[in-house]
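The values are calculated or read from the model by the stated rules, or taken from the named source; none is laboratory data. Just so it is clear, the model here is predicted, and its values are computed rather than measured. Neighbour counts are summed over all protein chains in view; Cβ atoms, including those assigned to glycine, are modelled from backbone coordinates with ideal geometry. Protein only, heavy atoms only, side chains kept; ligands, DNA and RNA dropped before computing areas. Shrake-Rupley method; radii C 1.70, N 1.55, O 1.52, S 1.80 Å.
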Amino acid sequence: MDEFVNTFKVLGEETRLRIVHLYARTHQALCVCELVDVLGLPQYQISRHLRQLRMTEILKLRKQGTWSYYYINEQSRFRKHLYDFIEHALVSDILERDLMALQIRLSHRKNGRCVVGSVPHKEILHQINPDHI
């Protein structure tokens, strides 16, 4: 029962829910700097949220050299159903904008790896909707 309660407590915070939504929709490992560029939040805030998601085993961490990539932990039936729900049932303008921004950011990867600081948040938003910048 603790797994359920702790998971919902952690996902009860908007930024963490937005982060998990990006993972659920893309099914990819993502680097911290990619999330920084997409969400427009400072690196320390993104790292703090990722640490909490990792402590509750919602996300896992894989190191590749100096890079840290986080990915969804699908090792339990509960988590698989939860991610499926997040992927298909959560709909909002903010979540869709996040997803479009992430797709733009991921298009800048080189050899499937993150490129630090390649696309600032404001430039990503401009590519999504130039009239709102």
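What to note about this one:
- Some residue of the range 64-71 being closer than 17 Å to Val5 by Cα, open to solvent by 50 Å² or more (accessible area, probe 1.4 Å) and without any contact (Cβ under 8 Å) to a residue 60 or more places away in the chain: no
- Checked against the criterion of being at pLDDT 95 or above and more than 10 Å from the chain's Cα centre (by Cα), the candidates Leu53, Leu106 yield just one match: Leu53.
- Entry remark, the range 1-32: residues being aliphatic (A, V, I, L, M), open to solvent by 40 Å² or more (accessible area, probe 1.4 Å) and under 21 Å from Ser92 (Cα atoms) number 1 in total.
- Being open to solvent by less than 70 Å² (accessible area, probe 1.4 Å), assigned to a loop (DSSP other than H, G, I, E, B) and touching a helix residue (DSSP H, G or I) at 6+ places or on another chain (Cβ under 9 Å) holds for only one residue in Leu35, Leu41, Leu99, and it is Leu41.
- When each of Ser68, Ser47 is tested for being at pLDDT 95 or above and more than 26 Å from His88 (Cβ to Cβ), the lone residue that passes is Ser47.
Yes/no matrix, rows are residues, columns are (1) at positive phi; (2) at pLDDT below 95; (3) open to solvent by less than 90 Å² (accessible area, probe 1.4 Å):
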site	(1), (2), (3)
Lys80	no, yes, no
Ile86	no, no, yes
Cys114	no, yes, yes
Leu125	no, yes, yes
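- Flag for His121 being modelled with pLDDT under 85 and open to solvent by less than 60 Å² (accessible area, probe 1.4 Å): yes
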